[in-house]
Amino acid sequence: MKNIIEVKNLFYKYEANAQEYTLKDVSFHVKQGEWLSIIGHNGSGKSTTVRLIDGLLEAESGNIIISGEELTHENIWEKRHQIGMVFQNPDNQFVGATVEDDVAFGLENQGIPLEEMRQRVQEALELVGMADFKTREPARLSGGQKQRVAIAGVVALRPQIIILDEATSMLDSEGRLELIRIVKEIKDQHGMTVISITHDLDEVALSDRVIVMKKGEVESSSSPAELFMRKDLGQLGLDEPFTTDLADRLRQEGFDIPLCYFTEEELEEKLWELLSNK
Ligand SMILES: Nc1ncnc2c1ncn2[C@@H]1O[C@H](COP(=O)(O)OP(=O)(O)OP(=O)(O)O)[C@@H](O)[C@H]1O
Ligand SMILES: [Mg+2]
């Protein structure tokens, strides 16, 4: 698979006279069609990294290559069209007077014909479970509902790359997982690529690869399974998976459970297997 995004040796600081860099030599890649999670403590530089990719900030040095072309002042608008970004704070991203206007806004800008626009808006709102709210005022929605609408706005545009910056943080864990599964389905249907900043374990488990950021640097890049096996998960801005903790305790009790990552279903199956052999 080819790389749709390559980030090479980025250095960035918000204030020119700051002692320390906010991002220090950040390099990673994202493959076409991949779902990449980015995790890490508050302030580790996750949002800054994706803002650089979307051209909202400019690096002091380093390169960002999107679909084979380096991001420059000349192509920034074209590149930004390929990316749909959902920000951390949903309040700052509404432009429409109603929910449906808001979702339609980006489509209007792209000159999508009216009939298709209506259809895409309806479809996107149905997918995120907000169709009943289409004539409401975005400002009067709950945080979680705002996040659903913001995701609908991006999904309706069908960009090549979707960037989610803690885009489901205001939903409960069930709603969060449901929405992430929906985005994953759309991604697979349309061959999109997703970068998602998250603290949510279930979401990380669904992704293809995980990057850990620490103090402005990329600490590691691994599969979710490899990550969940680490003993220092708590120090990475992520909770230890329930299954890893349970498997550890069962091992201590003498159960013969291999040292690897299990989803809840897999662990349940393993336990049935062990119990029926007794
Ligand atoms: N607009 C800004 N001006 C100055 N410093 C900033 C600005 N935005 C972020 N920073 C600082 O840059 C560092 C990285 O911030 P960033 O928002 O990228 O972290 P993050 O990993 O996204 O954290 P969080 O999990 O809290 O969202 C932090 O020390 C933060 O205080
Ligand atoms: Mg952030």
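Derivation of every value follows stated rules applied to the coordinates shown; laboratory data play no part. Please read these numbers as outputs of a predicted model, since none were measured by experiment. In this analysis, Cβ positions are derived from the backbone assuming ideal geometry, glycine residues included, and neighbour counts consider all displayed protein chains.
Per the listing Gly216, Gly237, the residue uniquely within 16 Å of ligand 2 (Cβ to nearest atom) and closer than 16 Å to Ser37 by Cβ is Gly237.
Among the numbered conditions (1) surrounded by 14 or more Cβ atoms within 10 Å (Cβ to Cβ); (2) more than 24 Å from Arg51 (Cα to Cα); (3) within 23 Å of the chain's Cα centre (by Cα); (4) touching a residue at least 24 places away in the same chain (Cβ under 8 Å), the only one that Arg230 does not meet is (4). Tell me yes or no: at least one residue of segment 193-202 is out of contact with any Asp or Glu (no Cβ under 7 Å at 6 or more places or on another chain), crowded, with 19+ Cβ neighbours inside 10 Å, among the charged types (D, E, K, R) and within 30 Å of Ala247 (Cα to Cα). Yes, because at least one residue in segment 193-202 is out of contact with any Asp or Glu (no Cβ under 7 Å at 6 or more places or on another chain), crowded, with 19+ Cβ neighbours inside 10 Å, among the charged types (D, E, K, R) and within 30 Å of Ala247 (Cα to Cα). For segment 40-54, the candidate set comprises residues that are near ligand 1 (Cβ under 6 Å from one of its atoms) and not in a helix (DSSP H, G or I); within that set, the residue that is nearest to His199 (Cα to Cα) is Gly40. Answer yes or no: is there a residue in segment 74-83 that is away from ligand 2 (no atom under 13 Å from the Cβ), closer than 18 Å to Val154 by Cα and buried (at least 18 other Cβ atoms within 10 Å of the Cβ). Yes, there is a match, as at least one residue in segment 74-83 is away from ligand 2 (no atom under 13 Å from the Cβ), closer than 18 Å to Val154 by Cα and buried (at least 18 other Cβ atoms within 10 Å of the Cβ).
Output the residues belonging to segment 88-136 that are small (Gly, Ala, Ser) and not in a helix (DSSP H, G or I). Residues satisfying the conditions are Gly96, Ala97, Gly111, Gly129.
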